[in-house]
Amino acid sequence: MTTGVWVLGDQLWTEQAALSSYFPEKKNTPVILIESLKYAQQRPYHRQKLVLIWSAMRHFAEELRQNNWSVTYEIANDFEAPLQAWVKKHKITELRVMNPNDRPFTQIVNNLKLNCQITLVANNHFLWSSSDFQKWAASQKSLIMENFYRSGRKRFQILMEGNQPVGGKWNFDKQNRQPPKGKLNTPEALWFEPDQTTLEVINTVNSLDFPSYGDAEPFRWAVTRSQALQALDFFLKHRLPMFGPYQDAMVTGEETMWHSMLSPYLNIGLLNPMEVIMAAQRAYHQNKLDLNSVEGFIRQVLGWREYLHGVYHYMEADYPESNWFNHTRSLPAFYWNAQKTDMNCLRQVLEQVQRTGYAHHIQRLMVLSNFALISGISPQAIEDWFHGAFIDAHDWVMQTNVIGMGQFADGGILASKPYVASANYINKMSDYCGKCVYQYQERTGEKACPFNLLYWNFLARHREQLKSQGRLNLMLHHLDRISIEEATKINQDAANWLNKIDAAT
Ligand code: SF4
């Protein structure tokens, strides 16, 4: 009887459930990691995402070897052939895999034809297991994130004094929405020079003969647990103290502001969520940091991250096909090539994503996703783009974040309202509009901002559905106050504008 472990590319820590299930002798326990070229061709992935995953896998394989595991590392076309050969060579009778985070990967595991038993070990990557989440959901009328987050605060006793939140409030969002004003003294980011292993992966990625996206270099992300811990420590010292106030602000040339940049590491196991939360809580108590900053950060990890994962597994398998507004437009070509748009906000954010694989949550939600929603782009097309373009993207986070939160395609299961906005919001929260060829104040005419045309046109097109939701009634009331002549002109201009981008797609 020989048991072997298959470690997936987003399960890179030694206490993950399959590796930490009982093994008498690590040295005699076969472990395999596989880079599959076929898997990397599912969509055009960002080159830095491929570098991150493959380099982190190679480094983790080395760490396991040093800890006396018997490690096989394969680069192959698919997963099945190297698994079959490895099972045969080591006479493996049971293959253990930690239950994948992503449903499509569970399908891959279930469809494998191997000459051994396959055991899926319960996943320990998240604080809330799927059954924990189900129990919570069963006790609720609807799946409101704020209620889930409060349950998490109580359950894990984070920022709590007994049964009450520290500071007397659960939420300090109002203090965390400051628009950028004047010169912001943003801190440096901590980046890492690629080592020999990473340089080899960069070469491989640069020579791939299938479509991928973005720049492979400069690649400066952490690829080991030790580097990820340094990134965490740097965030706590230099960014967390001011994380809150400007977390929604967008400034040209300020790509990371006070953001933590930890999600790529959390999502592949180089950091675990509880150590990050506890470290932030410790920093709050020891360094007397502002509660709005610490609570705002902990909300992202203990609240949003756990919630999106919980909802993903709670919903039926057809959730990714949701399309409440019945949007079918193809993705404009400029999402893949920022040079093809003259809208400054989109261009700034898309250029940044091409260079780094990263944009912060408001750039994602209120620029990239907002534009897709008000333009009527298919939710599945924009989800696929987000999944390919971002360094921290995985199926569990993008299906819920884009289909549910960004596109409101589930009709309000996840988000309490559609996140749509005109140029007013972008102008308030960024410096993009001042350098744009369009006028953010205009909603008709040649220089009218397309966000304005599309926003009012979106409200008009979906008036009845939006009325049923209630949360946008104030904006529908504003829509009703626009004269028939102006509304007709806005709708014509919006149609012309959409025809133009369709023709260029
Ligand atoms: Fe974007 Fe419109 Fe502002 Fe230009 S004017 S940056 S297109 S919101």
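The values are calculated or read from the model by the stated rules, or taken from the named source; none is laboratory data. Treat the numbers as computed from the prediction; the structure is a model and nothing was measured. Because the Cβ atoms are built from the backbone with ideal geometry, glycine has one as well, and the counts that use them run over all protein chains shown. Ligands, DNA and RNA are excluded from the accessible area calculation, which covers all protein heavy atoms including side chains. Shrake-Rupley method; radii C 1.70, N 1.55, O 1.52, S 1.80 Å.
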Exercise for review: Kindly list the number of the only condition in (1) open to solvent by 20 Å² or more (accessible area, probe 1.4 Å); (2) within 14 Å of the ligand (Cβ to nearest atom); (3) in contact (Cβ under 8 Å) with a residue 60 or more places away in the chain that fails for Q354.
Suggested key: (2)
**Study point:** Index of the failed condition, T341 passing every other in (1) of a type outside the set (A, V, I, L, M, F, W, C); (2) within 16 Å of the ligand (Cβ to nearest atom); (3) surrounded by 17 or more Cβ atoms within 10 Å (Cβ to Cβ); (4) closer than 23 Å to A222 by Cα
**Key:** (4)
Study note, to complete from the structure: Going through region 421-435 in order, the residues found to be within 7 Å of the ligand (Cβ to nearest atom) and in a strand (DSSP E or B) are none
Review point. Would region 439-450 turn up any residue that is within 24 Å of Q178 (Cα to Cα), touching a Ser or Thr at 6+ places or on another chain (Cβ under 8 Å) and aromatic (F, W, Y)?
Key: no
Check your understanding: Among the numbered criteria (1) in contact with a Lys or Arg (Cβ under 8 Å, 6 or more places away or on another chain); (2) in a loop (DSSP other than H, G, I, E, B); (3) not β-branched (V, I, T), which single criterion is violated by Y73?
Key -> (2)
**Study point:** Residues that are more than 18 Å from K288 (Cβ to Cβ) and in contact (Cβ under 8 Å) with a residue 24 or more places away in the chain, drawn from region 151-176
**Key:** G152, R153, F156, W170, N171, D173, N176
Exercise for review: Of the numbered conditions (1) open to solvent by 20 Å² or more (accessible area, probe 1.4 Å); (2) in the same structural domain as N171 (by TED's automatic domain parsing); (3) on the phi < 0 side of the Ramachandran plot; (4) more than 17 Å from the chain's Cα centre (by Cα), K288 fails exactly one; give the number of that condition.
Suggested key: (3)
Review point. Filtering region 54-87 down to residues that are open to solvent by 30 Å² or more (accessible area, probe 1.4 Å) and among the aliphatic types (A, V, I, L, M), which residue is nearest to S226 (Cα to Cα)?
Key: I75
Practice item. Taking only region 291-305 into account, find how many residues are among the hydrophobic types (A, V, I, L, M, F, W, C) and open to solvent by 50 Å² or more (accessible area, probe 1.4 Å). Key: 1
Practice item. Give me the pairs, please: first residue somewhere in region 421-438 and free of Cβ contacts under 8 Å to residues at least 60 places away in the same chain, second residue anywhere and within 8 Å of the ligand (Cβ to nearest atom), beta-carbon distance under 6 Å, and either six or more positions apart or on two chains. Key: S422/F451; S422/N452; A423/Y440; A423/C449; A423/F451; A423/N452; N427/C433; N427/Y440
Check your understanding: Restricting attention to region 394-419, which residues are in a loop (DSSP other than H, G, I, E, B) and surrounded by fewer than 24 Cβ atoms within 10 Å (Cβ to Cβ)?
Key -> H394, D410, G411, G412, I413, A415, S416, K417, Y419
Review point. Which number in (1) within 16 Å of the ligand (Cβ to nearest atom); (2) over 30 Å from L184 (Cβ atoms); (3) of a type outside the set (S, T, N, Q); (4) touching a Phe, Trp or Tyr at 6+ places or on another chain (Cβ under 7 Å) marks the one condition that L479 misses?
Key: (1)
